[in-house]
Amino acid sequence: MVDFGTPHIAGYSYDGKVAAVKMLYDVACQIFNQPVLWTPKKNTSESTGKSIMGESKGFTFEKTIHEIVRHCYDIETDDLALRKLTSLAENDRQAYFRRLRSEYRVRSEFFNSVVIGPLDDTKKALFSIGFQVH
């Protein structure tokens with residue numbers, strides 16, 4: 001049985017899409033013997049990278065990490081949307097799944113989010129999964 005299910009695939013974050021475009025651009029420049037003149041900006045206005053306060057609010061270590069991660073990616077929202085498939089008529093499922101994928105919300109990778117002021121025991125864990133920690 002599945003604990004959490006999501007309709008997204010690798011590259012569904014804003015940062016993944018930008019990285020894919022950059023790779024295609026670089027290859028096109030190479031194929032057409034053109035100079036590489038474009039490099040995407042970090043944390044552009046389209047990116048949803050943000051600052052997150054890292055106080056524990058009396059939470060356990062695991063709950064603190066969960067709450068910080070949820071600020072960037074709420075897997076429960078994706079899970080509930082995907083589970084709705086089971087309540088739909090079989091002939092409606094394909095269109096619903098395609099809509100989940102095509103209308104996926106903009107989100108950034110953890111590395112574009114800064115966690116400010118986490119407790120010492122959470123800093124290493126947050127850093128290890130890609131957050132900037134201050």
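The values are calculated or read from the model by the stated rules, or taken from the named source; none is laboratory data. Nothing here was measured: the structure is a model prediction, and the numbers come from that model. Neighbour counts run over all protein chains shown; Cβ positions are idealised from the backbone, glycine included.
Looking at segment 112-127, which of its residues are loosely packed, with under 15 Cβ neighbours inside 10 Å, touching a strand residue (DSSP E or B) at 6+ places or on another chain (Cβ under 8 Å) and in contact (Cβ under 8 Å) with a residue 40 or more places away in the chain? 116, 117 - these are the residues of segment 112-127 that are loosely packed, with under 15 Cβ neighbours inside 10 Å, touching a strand residue (DSSP E or B) at 6+ places or on another chain (Cβ under 8 Å) and in contact (Cβ under 8 Å) with a residue 40 or more places away in the chain.
To keep it simple, each residue is scored yes or no on (1) surrounded by fewer than 16 Cβ atoms within 10 Å (Cβ to Cβ); (2) modelled with pLDDT under 70; (3) of a type in the set (Ser, Thr, Tyr); (4) not in a loop (DSSP other than H, G, I, E, B).
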site: 23; (1), (2), (3), (4): yes, no, no, yes
site: 33; (1), (2), (3), (4): yes, no, no, no
site: 42; (1), (2), (3), (4): yes, yes, no, no
site: 46; (1), (2), (3), (4): yes, yes, no, no
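Taken together, the residues in segment 83-116 that are in a helix (DSSP H, G or I) and over 30 Å from residue 127 (Cβ atoms) amount to 18. From the residues in segment 54-100 that are within 14 Å of the chain's Cα centre (by Cα) and in contact (Cβ under 8 Å) with a residue 12 or more places away in the chain, which one is surrounded by the most Cβ atoms within 10 Å (Cβ to Cβ)? If we take residues in segment 54-100 being within 14 Å of the chain's Cα centre (by Cα) and in contact (Cβ under 8 Å) with a residue 12 or more places away in the chain, then 68 is surrounded by the most Cβ atoms within 10 Å (Cβ to Cβ).
For residue 130, the conditions (1) farther than 17 Å from residue 52 by Cβ; (2) surrounded by fewer than 16 Cβ atoms within 10 Å (Cβ to Cβ) all hold with the exception of (1). Taken as a whole, the condition of being farther than 30 Å from residue 123 by Cβ and either in a loop (DSSP other than H, G, I, E, B) or at pLDDT below 95 (or both) does not apply to residue 70.
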